[in-house]
1. Under a point-charge model restricted to the Cβ atoms of Lys and Arg (+1) and Asp and Glu (-1), what is the dipole moment magnitude of the chain relative to its Cα centre, in debye to the nearest 20?
2. Mind pulling the angle between the C-alpha long axis of helix 83-108 and the longest principal axis of the chain? Nearest 10 degrees, somewhere in 0 to 90.
3. Quickly estimate the mean residue ellipticity at 222 nm for the chain, helices only: each DSSP H run with n ≥ 4 gives -39500 (n - 2.57), and the total goes over all residues, rounded to 500.
4. Per residue, how much space in cubic angstrom lies within the convex hull of the C-alpha atoms of the chain?
5. By per-residue mean of other Cβ atoms within 10 Å, what is the highest-first order of 226-232, 346-352?
6. Amide H to amide H under 5 Å from Phe434: which residues, 5+ apart in sequence or cross-chain, H placed 1.01 Å off N in plane?
7. Using amide H atoms built 1.01 Å from N in the peptide plane, name the residues 5+ places from Arg503, or on other chains, whose amide H lies under 5 Å from its own.
8. In the chain, what percent of the accessible surface is made up of carbon and sulfur (1.4 Å probe, ligands and nucleic acids excluded)?
Amino acid sequence: MEALDVHENNENFKEHSPLTETRSSDLDPSTSQTAKRKFAEIETNNSPQDTKLFKAEKFWDFSLESDVVVMEGAPCIFLPPIPEVEFFRFNLVKQMRDEYQDICKQNEGIDAPQESFNRWLLERKITDKGTDPILPTACCNDVSPAMFREIIHDVPIRISKIKSCSDARRQLFRYGEAAKHMIESRNLSLESRKVVKWHIEDTLSWLRKEQNAVLTDYLNRLAHIRRQCGPHLVEAARFSVENICKKMYFIAQENAKKLLDKHHAVLRLYKIDVPAPLQPSGKLCPVKPVPMLCATPMLTNSITQVAIKGTVSLTYNANTLRINHRYLEKLEQLYRCSCKDDPTMQLFLPRVWCLLRRYQTFFGPNQYEGIMLHGALPTQVFQCLHDTFGVTMECFASPLNCFYKHYSSAFADTDTYFGSSGPILQFFPVRGSFEANAPFVEELMEAMVDHFEKLLKQSNEPLSFIVFVPEWRDPTPVALLRMENSAFKRKQVLIPAFEHEYRSGLHHAAPQKEVYHKAVHGTLIFFLQNDPGFELWGPTQQRLRKLITAFKPVARHHNRQQD
């Protein structure tokens with residue numbers, strides 16, 4: 001990925017871009033023509049070397065036109081992104097992460113499951129009808145199935161990856177001691193108490209007697225005690241874990257109200273009224289970014305921007321976010337072809353800062369956290385999907401990782417200015433070929449399958465969804481089973497583990513060597529198509545061979561050497 005820092009030594013970019021060491025408040029209507037000229041120069045006056053690198057690496061291709069036709073939906077009901085509000089949201093969500101850890105420790109004596117909070121946000125948004133784009137406030141139930149499942153999985157202790165006999169022995173002993181403590185301190189039926197106590201004593205006795213056991217013996221014993229005691233311990237912990245889920249949901253509702261109040265206060269300062277929500281028109285139209293219901297104030301808050309060694313730092317209120325030069329240029333291109341309410345580019349930097357702040361708030365504060373929820377297919381696979389299967393739109397993307405200029409994404413309010421059509425579950429196409437690589441959240445993947453099957457049933461136009469999911473087994477997720485048995489499944493293909501790669505979810509800011517990573521699990525590809533879609537884009541053997549070849553890492557490395 002040498003071209004990530006393609007502008008590191010590009011003085012032309014530094015000279016002509018209004019994004020280099022400027023403040024957003026410097027761009028006012030009196031300088032609109034100058035701003036337009038400068039932004040045009042970025043697009044047309046790149047050096048021949050830069051143009052060669054851009055074409056060679058092909059991280060995105062916005063020249064590809066789409067034939068997607070959709071039923072027009074309602075405008076986005078969320079209020080427009082404002083740095084002051086987004087910074088406030090970041091702090092509130094950060095506090096919630098800390099509270100989640102504290103509650104899990106206090107109630108169950110365990111750490112909050114890794115990235116459970118992120119998956120909770122995604123799962124809640126499947127049914128949420130609330131007022132905040134990230135925090136759930138109006139779900140159909142208070143207890144999140146995803147959060148409950150992940151906490152219960154770590155009760156009474158979290159079993160970490162076992163690497164040796166001593167490690168297995170230690171974790172087996174810890175599990176027995178923790179389970180013993182649970183049955184002594186929780187309300188449990190007499191029968192359940194007897195069952196758990198017997199298995200614990202039997203396991204501890206085995207540990208004392210068996211000094212020459214091999215790793216397989218320990219693993220089998222651990223699986224056995226979890227299988228026998230697990231259901232009883234789940235019932236013992238159910239009330240407590242449900243209360244954790246309810247507590248987090250209540251905190252989210254309280255914080256969302258604070259955010260809404262602050263947002264309205266800022267809009268009142270600019271004398272902007274919030275219109276009443278509109279109903280979807282339902283008319284057919286070409287795909288386009290989801291419109292915003294409420295206007296954005298012409299902000300006076302400054303965003304300071306500094307470029308150093310191929311990385312751009314954007315700072316608001318001492319909060320600095322970084323993005324590679326190349327990806328800032330990408331956002332400029334998306335903004336110029338998608339945004340209709342800011343011809344002077346006055347709001348570009350504030351909106352970029354809000355976009356980066358939103359995704360980093362969602363990912364979490366720790367290094368590499370959340371990257372698997374924002375990963376992407378290799379770019380040569382996207383090119384193959386377009387050339388071979390007519391794909392022109394992604395169902396689960398963002399302005400930062402999209403390959404095509406048309407895509408659906410999690411956050412309509414921050415992403416629409418950069419081309420997003422909003423969340424896929426609120427998007428209703430009747431024609432087109434789509435790529436779908438959902439975040440690995442079981443409830444979201446199930447909702448995806450429901451949505452795609454409904455769309456395929458309703459449309460008489462060519463419609464195709466090429467779905468990429470991890471090959472999870474033991475147990476097999478419901479979404480995977482649903483697709484394997486779907487009436488719309490035309491083909492199912494497996495790309496084996498370690499024989500293909502994904503792009504990191506942080507590739508817009510990651511060091512070059514960390515952009516691609518080997519897939520540690522197999523990837524299943526499902527072709528879900530109605531009859532017209534199958535006739536137009538069916539997975540023939542020749543087309544499948546091209547797609548499988550595009551997945552091979554050697555192809556990318558070979559192309560890079562040629563460039």
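1. Numbers: 70 positive and 68 negative charges, 187 e Å.
For this selection, approximately 900 debye.
2. In the chain, helix 83-108 runs at an angle near 10 degrees to the longest axis.
3. On the way: 18 runs with 266 residues, N = 563.
Calculated from helices alone, the mean residue ellipticity at 222 nm is -15500 deg cm²/dmol.
4. Numbers: hull volume 94.0 nm³, N = 563.
Hull volume over Cα atoms, normalised by residue count, gives 167 Å³.
5. Details: 226-232: 17.0, 346-352: 25.6.
Ranked from most to least packed, the peptides come out as 346-352, 226-232.
6. Sorted by chain and number, the residues that satisfy this are Ser464, Phe465, Ile466.
7. Excluding prolines and chain starts, which carry no amide H, the hits are Ala376, Leu377.
8. On the way: 13030 of 25290 Å².
Reported share for carbon and sulfur atoms: 52 percent.
The values are calculated or read from the model by the stated rules, or taken from the named source; none is laboratory data. Small disclaimer: the values here were computed from a predicted structure and weren't measured. In this analysis, Cβ positions are derived from the backbone assuming ideal geometry, glycine residues included, and neighbour counts consider all displayed protein chains. The protein model used for the area step is the full one, side chains on, heavy atoms only, and it has no ligands, DNA or RNA in it. Shrake-Rupley method; radii C 1.70, N 1.55, O 1.52, S 1.80 Å.
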